[in-house]
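What follows is a single structure, written as C-alpha cells, with notes after it.
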Amino acid sequence: MNLQSMTGFARAVAEHDGTSIAWEVKSVNGKSVEVRLRLPQGFERLEPAIRQTLQKRFARGNFQATLTITRASGMQSQPVVNEAFLKDLAGLAKRIVEQFGVAPATADGLLSLRGVLEIPETTETEDVRTALDNAVMAALEAALEGLERSRQGEGAALGTLLLGHIDAIEALTLGAEADPSREPAAIRERLAEQVRLLMDASANLDAGRLHQEAAFLATKADIREEIDRLKTHVASGRALLSGGGAVGRKLDFLAQEFNRESNTLCSKSNAAAVTAIGLELKAVVDQFREQVQNLE
C-alpha cells in the first residue's frame, strides 16, 4: 500500500557559496492543497514556484513551509539608522508622555517602527541571485522528499488500521447473514405466533388478510440487499487500500455508504441479535470514517 497520511514534518539544510539555507515543512489535514509560507525579505519572488512545487507533489493537506537564510558575516549588510527620523519620533514620544501621562517610549520600540532602522539589500548580480534561488528550490525538494516519507510512514500505519476496521465490518456482516433469526423456519414461527396472538385478541380479524400483511412485513424486514451491498463495499475498500495513492476522498464516500447500510440494517431488523450486530457495525464504521479523515 502506497498511502499517505496528511500529517508529517521534515527539515532540510544546505550550503551555497557561504549562505546557509534551511527549510522546515509540515502538513496537517486539509480538504485540498493549502500552503502558508514564511519567507525572508527579498525571497517573496520564489512564492509562485514554491506553491507550484507543493501542488505538483501532494494531492491534499494544509502545508506550512518556513525558509531561513543565514549569510556569512562578510555578506551581511549592516543596519542603518535614520537618526533624524528617530530624533523626531523621540521628541514626539516625549511630548505625548508629558501631555497624556502615558508610559515613555523604549529604544527597542522606537527602532521597530517602520523607516527608523533599515537593512539595505546586498547588491547581487542576476547570475548570483539565480544560483541562490536554484539552491533554495533544491533544498525545498529535499525537504518535501522527507515530508513525503514522513506522510507515507503514517499512511502505512493508517492503512493497516483501516484494513482492520474493514475486516471487522465484514465479520459483522457475515454474522448478521448467518444469524439464526434469519432462517425461514424461524421467521415463519415468529410470524405465526404474532398472528395467533392477534387472532386470539379479536375474533373479527380476517385471517387471510392478516397472513398477507404478515408476509408483506416479513419481506420488508428482509436485510438481504443490505448484506449484499455491505459485502460489495468491503471489497471496494480493500481494493482502494491495496491500490494506494490519494484515496482519502473515495474512502470517505465509502464510509458514508457503510453508515447508510448499517442504519438501514438496524431499522429493518426484527430480531434483537441482528439489531445488536447493526449497532456494533455502526460503531466500527464511525471509527473507520474518523481515521479516513487523516488520509490523503
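Every number in this text was worked out from the coordinates using simple rules, so none of it is lab data. Source: prediction; values computed, not measured. Cβ atoms come from the backbone with ideal geometry, glycine included; neighbour counts cover every protein chain shown.
Couple of notes before you dig in:
- Burial order of peptide ranges 8-18, 264-274 (average beta-carbon count within 10 Å, highest first): 264-274, 8-18
- Computed lengthening from Arg149 to Glu118, 0.36 nm per intervening residue step minus Cα-Cα distance: 7.1 nm
- Here the stretch 1-99 has an Rg and Dmax of 21.0, 71 Å, counting Cα atoms alone.
- Only lysines eight or more places from Lys31 in sequence, or on another chain, were considered; those with a Cα closer than 17 Å are Lys56, Lys250.
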